[in-house]
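Quick notes on the structure that follows.
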Amino acid sequence: MPDGSRARSVIEAIRPFRWRIAVTYALTVTEDLLQLSYPWATGIAINGLLAHDYRMIAPVMIAWLLHTAIGCGRQLYDTRLYTKVYNAIVIDTVMRQRQSGIEPTKVAARSAMSREFVTFFEKDMPVVLNTLVSIVGSAAILFFYDLIIGAVVASQFIPVAILNRRYMRRSLMLNEGLNNQLEHEVQVIETAQEGAVARHFAEVRAWRVKLSDADAFNWTAIEALSILVFLLVLLRVTFMPNADVGTIFAIFVYVWHVMEKLDMMPTIVQQLMRLKDIRRRIEAGNSIEAIGEQIHPDRNR
């Protein structure tokens with residue numbers, strides 16, 4: 001792992017954009033909360049329509065229109081912001097690592113990896129936020145509808161956390177192996193030797209297959225837990241007193257929300273571990289300030 005002076009490089013490149021990035025995440029969480037209200041508002045609409053009270057359609061329509069307007073504005077803003085962030089990181093990475101004497105082939109691979117780093121902030125972090133809001137919010141609302149259903153759904157979180165903790169270590173190891181191989185790709189292509197090229201891409205394929213297999217096994221374990229939880233919820237709903245149609249609809253939608261987002265956890269964990277390894281590679285080499293002092297030792301005297 002990089003030392004303290006190096007670990008600041010990516011953070012320092014992003015720091016000027018921190019408040020604008022915070023705005024995008026605040027808008028994302030607002031969207032997620034509005035989306036979280038859909039099943040509850042739809043349940044109200046169903047019960048209202050069955051009672052011929054058409055005013056009950058208003059909550060779901062208001063939430064939907066607000067979600068659409070905020071989502072459109074955020075996406076337009078995101079593209080303009082994160083292209084600037086990418087430029088800041090990639091310029092810093094290339095200049096710092098080349099001045100530190102790192103081979104051009106590795107720098108080329110790492111500059112490409114930096115695109116993934118920015119993509120995480122732009123695309124993956126909103127997914128992480130959406131997943132957290134959906135899981136925690138849906139579970140809380142299920143407790144509101146029925147304590148037993150809420151407890152059954154929440155009981156799934158502990159084994160899922162244990163599974164993903166183990167998966168985290170394996171994913172980091174596999175991503176390190178894949179990225180080590182990718183850093184040699186430009187050099188292998190430059191040789192233009194069929195055997196070397198074939199061996200390189202065979203190694204890349206092997207690492208990707210291992211990552212996919214690990215993801216599949218973790219997802220399968222989580223899915224098996226979800227099946228058990230869903231069956232228990234089905235049984236409980238049949239014994240709920242005075243449950244109307246809208247309430248039952250909302251309960252099952254929130255249960256599906258939790259299960260859908262838990263299914264995404266292996267993919268999120270793998271991406272986080274990949275970004276952890278990429279950050280270490282991007283931060284290799286001296287800081288821009290240290291390089292400047294080496295080139296112009298008398299500048300700060």
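Working only within region 260-272, note down all residues that are of a type outside the set (Asp, Glu), under 16 Å from Gln156 (Cα atoms) and open to solvent by 10 Å² or more (accessible area, probe 1.4 Å).
Within region 260-272, Lys261, Met264, Met265 meet the criteria.
Restricting attention to region 150-167, which residues are surrounded by fewer than 17 Cβ atoms within 10 Å (Cβ to Cβ) and aliphatic (A, V, I, L, M)?
Result: Ala151, Ile158, Ala161, Ile162.
Report the residue count in region 199-209 for those that are surrounded by 17 or more Cβ atoms within 10 Å (Cβ to Cβ) and either within 23 Å of Met265 (Cα to Cα) or modelled with pLDDT of 90 or more (or both).
Selection size over region 199-209: 1.
In region 25-61, how many residues are part of a loop (DSSP other than H, G, I, E, B) and among the acidic types (Asp, Glu)?
1
From the list Ala216, Ala224, Ala196, pick out the single residue that is farther than 25 Å from Glu260 by Cα and either of a type outside the set (Ser, Thr, Tyr) or open to solvent by 70 Å² or more (accessible area, probe 1.4 Å) (or both).
Just one listed residue meets the conditions, Ala196.
For region 116-188, please list each of the helices (runs of 4 or more DSSP H) lying entirely inside it that holds at least 1 residues being modelled with pLDDT under 90, among the charged types (D, E, K, R) and within 23 Å of the chain's Cα centre (by Cα).
Passing ranges, in order: 157-182.
Have a look at Val127, Val136 and point out the one that is open to solvent by 30 Å² or more (accessible area, probe 1.4 Å) and out of contact with any helix residue (DSSP H, G or I) (no Cβ under 9 Å at 6 or more places or on another chain).
That would be Val136, the only listed residue that is open to solvent by 30 Å² or more (accessible area, probe 1.4 Å) and out of contact with any helix residue (DSSP H, G or I) (no Cβ under 9 Å at 6 or more places or on another chain).
I need the full set of residues from region 61-88 which are farther than 21 Å from Thr119 by Cα and either touching a Phe, Trp or Tyr at 6+ places or on another chain (Cβ under 7 Å) or of a type in the set (A, V, I, L, M) (or both), in order please.
Met61, Ile62, Ala63, Leu65, Leu66, Ala69
Does region 236-248 hold any residues that are at pLDDT below 90 and open to solvent by 40 Å² or more (accessible area, probe 1.4 Å), and which are they?
Within region 236-248, Thr238, Phe239, Pro241, Asn242, Asp244, Val245, Ile248 meet the criteria.
Pairs needed: first member in region 70-85, under 13 Å from Phe120 (Cα atoms); second member anywhere, hydroxyl-bearing (Ser, Thr, Tyr) and open to solvent by less than 30 Å² (accessible area, probe 1.4 Å); C-beta distance under 6 Å; at least 6 residues apart or different chains.
As it stands, the answer is Asp78/Thr24, since those pairs meet every condition given.
Given the criteria surrounded by 17 or more Cβ atoms within 10 Å (Cβ to Cβ) and either at pLDDT 60 or above or not aromatic (Phe, Trp, Tyr) (or both), does Glu283 qualify?
Here the answer is yes, as Glu283 does meet what is asked.
Looking only at region 145-194, count how many residues are under 30 Å from Gly246 (Cβ atoms) and in contact with a helix residue (DSSP H, G or I) (Cβ under 6 Å, 6 or more places away or on another chain).
Residues in region 145-194 being under 30 Å from Gly246 (Cβ atoms) and in contact with a helix residue (DSSP H, G or I) (Cβ under 6 Å, 6 or more places away or on another chain): 9 in total.
Would you confirm, using the coordinates I've provided, whether Val90 is assigned to a helix (DSSP H, G or I), more than 20 Å from the chain's Cα centre (by Cα), at negative phi and aliphatic (A, V, I, L, M)?
So Val90 passes the test.
Rundown of residues vs (1) at pLDDT 85 or above; (2) under 30 Å from Arg280 (Cα atoms); (3) crowded, with 16+ Cβ neighbours inside 10 Å, yes/no style:
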{"position": "Ile57", "(1), (2), (3)": "yes, no, yes"}
{"position": "Met61", "(1), (2), (3)": "yes, no, no"}
{"position": "Cys72", "(1), (2), (3)": "yes, no, no"}
{"position": "Tyr77", "(1), (2), (3)": "yes, yes, no"}
{"position": "Thr83", "(1), (2), (3)": "no, yes, no"}
{"position": "Ala88", "(1), (2), (3)": "no, yes, yes"}
{"position": "Thr93", "(1), (2), (3)": "no, yes, yes"}
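The values are calculated or read from the model by the stated rules, or taken from the named source; none is laboratory data. Treat the numbers as computed from the prediction; the structure is a model and nothing was measured. Cβ atoms come from the backbone with ideal geometry, glycine included; neighbour counts cover every protein chain shown. Please note that ligands, DNA and RNA were not included when accessible areas were found on the heavy atoms of the full protein model with its side chains. Shrake-Rupley method; radii C 1.70, N 1.55, O 1.52, S 1.80 Å.
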